[in-house]
Every structure is written in C-alpha cells, then in structure tokens.
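The values are calculated or read from the model by the stated rules, or taken from the named source; none is laboratory data. This one's a predicted model, so the numbers in the text were calculated from it and none came from an experiment. Please note: Cβ atoms are built from the backbone with ideal geometry, for glycine as well, and neighbour counts cover all protein chains shown.
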Amino acid sequence: MHRRKFFAGAATAMAATAVSKVAMAALPEPVIQARPDTMPPLAPNSGRPYNPVVTLNGWTLPWRMNNGVKEFHLVAEPVVREMVPGFKINMWGYNGQSPGPTIEVVEGDRVRLFVTNKLPEHTTVHWHGQRLPNGMDGVGGLNQKQIPVGKTFVYEFVARRPGTFMYHPHADEMTQMAMGMMGFWVTHPKAKHPLIDEVQRDFCFLLNAYDIDPGSMTPKIMTMLDFNLWSWNSRVFPGIDTLNVRLNDKVRIRVGNLTMTNHPIHLHGHEFVVTGTDGGTTPRSSRWPEVTTDVAVGQMRQVEFVADEEGDWAFHCHKSHHTMNAMGHDVPTMIGVDHRGLVRKIMKAVPDYMVMGERGMADMGEMEMALPDNTAPMMTGTGPYGPVEMGGMFTTLKVRRDQKPGDYKDPGWYRQPPGTQAFEWTGTLPEPARRQAAVASDSGSAARVRKPHGHGGH
Ligand SMILES: [Cu+2]
C-alpha cells in the first residue's frame, strides 16, 4: 500500500517537473512589439479557449503549441519606451517593450517559457504568485543559476491556479525593476468557476515608477522612494489609454504593484468589489463595495463592477503627487505671497523668468512653461472643458451607450445631457451666516445661532 502510494506520487512529481529536451529542438521565434499602443485582445487560435484580457498600452505574447505544451519566448533586452508622446526613455524590458508582453494561459495548461538574456548583465524570471516546482521559481542563486548574458534558459510548469499574476526578475532586482523589467500574467479558468464571473471587458496593467531627471533619458536606479514619474505600464497621463466600455458591461480590472510604495486606486461614478488577488479568487462573503482599493507593494488586486453610468469617469491613484509628472518637490509653498513686483524686476534681467504657485499650482496646467527637451509636463492633458491638470497615474473610464460589444476604440469626449452638468450661478449671493464669539459667550445658558438675515445687535 505504502509502496504503491510512493510510486504514484513519484510519477506525478516527475510529470510535473521533468523538462522534455526532445520536444524543444527549435526555439519558438521571439515576437517583438515596437508600438506603445493598447493592442486588441489576442483571441486564442490554438490551445483551449478563453476570453482574452486587454493590456493597457501593452499586448499579449503569442505562443505556439508543441505536443500539447504552450511555448512562449521572452527576450530580456534594453528597449526604448515612449512614456507619453515626445518623451522616450531607455529602459530594460522584454520583447521590445517595458513592461513585457502579457502572458495568458488556461488553468491546467502546461507552459514552457524560453527566456533569452540580451541584457548587459545576468537575469532570471520569477513567476509571481504561481504554484510551481521550486526549481522553476526563478530566484537567482537560490533556485537556479543566473541566466548569463547571451544565454537562454527554459522554465516549465503547469499553470495550476486561475488568477491574476505577474513576472519580474529575481536578479539584481533593484536595478532591473527600476529599469522597467516586469510583465503581467493571467491564468484563465478552464471551466465555469463559482468565484469567477463572466465579464465583457477585462483590463490589466502594472503600477511602476521611475526617477528620471528632466531632459535625461535613463532612470536613476539608486532611488529608493523619491520617484518623479508614476506610471501605469510605463506610461504617464495623458499617455495612458482610456478604458472604453459599453453601458452595462461587466468590467474587470486587474492591477499589480511593482513600485516602492502603495497606490490607492480610485474609480469615479461606480462601486467595485475586489474579486481576486495574486493569492487567487476572494470568497463572495469577503467582498464589499469600495470606490478605492489600496494596492500595496508586491500585491495584485482584481476589481469588478457593472459600468452602468454613462460618462467620462476619472480612474487614478488617489495620492495626489502620483497624478503629476516630473517636478521638483523642493519648491517652496508660495500660496498667499504676492511677489508680482519682484517678478517684474527680475524679468527686466531675465525676460522668460517665471515664478509659480502664488495662487496655487493650477496655472501650471495652462502655461506649460518651456521644458527641457525630453520630459513630461508636471500638470497636463486637455479635456473638452480645458486643462485637466493631471499627470502620472491617471486615465479615464469611458462608458458609452453606443460603444459596440468588443469595440475598444476611444469614443471621444462625453457630452453631458442638458441640465446634468455643474454650471455657474449668476444670481445674487446671500451674505454668509457667521456665528460670532459674542453669541457663544452670551450669559444665557443656551448658545444662540444668528439667522442669516437677522439684525445682530450684540
Ligand atoms: Cu500612487
């Protein structure tokens, strides 16, 4: 009895870990993506069917089937990523982009991933959140030898759990992640799953951050906390594509955080529930409505809602410094300081001198002062009603009645129906009612409140 159990166990373990060297006589050709646009969902044309995701400003890596094994080829390499039009950065990534392509598989798929290292230093890939044999976990030095420059390693395992995952190096992590090496991974359920609902739209992206001096092209890798570019899939507003959906679509958004701080991700106009993490699906009894979910470092969150309110709804990180682009944080607060006389004097010597902030920073959204050649304005983007004054981790959920099913095109700006938009009040304004100290300190036992148009007289 014990013997039989032992052998059965051993056979299973072998099947799960052994890499067939015969099956991979030739490497699958690597597919490279040069454009930073959101690519249409990649409908599976081989392997088992599933409903594909849409990667914001990204794409899904094609695969080939080889004797029932899904084979992918990742190439770790230096890339140039356009963070917003006009702003290009030297990053490291996979297959031409940072982040690398999204990998989509089906629960139970046997997956073989070839990783070719074209970086100037060794690397590995860690498959964050996966159940897999220890030797496939990708921690350089601990589970495997580092992948040397110019070499290709093979990872192989069964995607055991459906859910939301990511991949990133586990070698010189500080450098490699600061340079943009990461990617998304989605394992779709193999059949109807009690905790995974059907959705009409399924979006995913990673939170990442860079420290890039204005005018320079390469991230500073030593920065621990004070990053100046807060990005989604290495894009900043207004470079992040909008999430375009049809009215009453059920929408899933999957987010992973590979920055050095948490990001409270906030959606306007709707409530969502967290239906999964990188640990798997959440029990229904644990789901409560939210409009903001905090995604801590190294965490993933999967949220779902019905998009039943038409409009252009802001969707962003709620840390206000994370919805701005490169700026100096050491600018003194000038609110309330009238230095117009001083500015006039300085402008005689320096004609394009500009001072910011004596009425708040909103002026920055309009004037976009002369910037070094390669950077993103701090507060930017223009909506139908003027400057949006945002940057970084900000985009829009566009909900439209006439968006076609499966159509991800940007429908343009929303037109509010008459009578449903904030407007200027042009009538008379009553004097504000002020409660005076004299009232509270009256000798009477009860404090009296002055009526707005009362005759004071105290
Ligand atoms: Cu944030």
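Let's see how each residue does on (1) surrounded by fewer than 16 Cβ atoms within 10 Å (Cβ to Cβ); (2) within 16 Å of the ligand (Cβ to nearest atom):
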position: Pro377; (1), (2): no, no
position: Gly383; (1), (2): yes, no
position: Met393; (1), (2): no, yes
position: Pro405; (1), (2): yes, no
position: Tyr408; (1), (2): no, no
position: Gln416; (1), (2): yes, no
position: Gln421; (1), (2): yes, no
position: Trp425; (1), (2): yes, no
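Answer yes or no as to whether Leu258 is among the hydrophobic types (A, V, I, L, M, F, W, C) and touching a helix residue (DSSP H, G or I) at 6+ places or on another chain (Cβ under 7 Å).
It is true that Leu258 is among the hydrophobic types (A, V, I, L, M, F, W, C) and touching a helix residue (DSSP H, G or I) at 6+ places or on another chain (Cβ under 7 Å).
Could you list, in sequence order, all residues of the range 220-242 that are surrounded by fewer than 23 Cβ atoms within 10 Å (Cβ to Cβ) and over 13 Å from the mean Cα position of the chain (by Cα)?
The answer is Lys220, Ile221, Met222, Thr223, Met224, Leu225, Asp226, Pro238.
Have a look at Val84, Val80 and point out the one that is over 24 Å from Arg301 (Cα atoms) and without any contact (Cβ under 8 Å) to a residue 24 or more places away in the chain.
Val80
Out of the range 229-239, which residues are away from the ligand (no atom under 13 Å from the Cβ) and outside any strand (DSSP E or B)?
Asn233, Ser234, Pro238, Gly239
Among the numbered conditions (1) in contact (Cβ under 8 Å) with a residue 60 or more places away in the chain; (2) farther than 27 Å from Arg48 by Cβ, tell me where Gly141 comes up short.
It is condition (1) that Gly141 fails.
Taking interchain pairs and intrachain pairs at least six residues apart, which have beta carbon atoms under 6 angstrom, with the first residue in the range 159-178 and over 26 Å from Asp109 (Cβ atoms) and the second modelled with pLDDT of 95 or more and of a type in the set (A, V, I, L, M, F, W, C)?
Met177/Leu258
Restricting attention to the range 58-83, which residues are surrounded by 23 or more Cβ atoms within 10 Å (Cβ to Cβ) and either out of contact with any strand residue (DSSP E or B) (no Cβ under 8 Å at 6 or more places or on another chain) or more than 20 Å from Val154 (Cα to Cα) (or both)?
Gly58, Trp59, Val79, Arg81, Met83
Would you confirm whether any residue within the range 203-215 is within 27 Å of Leu247 (Cα to Cα), away from the ligand (no atom under 16 Å from the Cβ) and either more than 19 Å from the chain's Cα centre (by Cα) or not basic (Lys, Arg) (or both)?
yes
Looking at the range 81-136, which of its residues are more than 18 Å from Pro169 (Cβ to Cβ), in a loop (DSSP other than H, G, I, E, B) and of a type outside the set (D, E, K, R)?
Pro85, Gly86, Gly108, Pro133
Quickly run through the range 42-57 and pick out the residues that are in contact (Cβ under 8 Å) with a residue 40 or more places away in the chain and either aliphatic (A, V, I, L, M) or surrounded by 15 or more Cβ atoms within 10 Å (Cβ to Cβ) (or both).
Leu42, Pro44, Gly47, Tyr50, Asn51, Pro52, Val53, Val54, Thr55, Leu56, Asn57
Could you say which residue among Thr187, Thr175 is of a type in the set (Val, Ile, Thr), surrounded by fewer than 19 Cβ atoms within 10 Å (Cβ to Cβ) and either over 20 Å from the mean Cα position of the chain (by Cα) or more than 16 Å from the ligand (Cβ to nearest atom) (or both)?
Thr175
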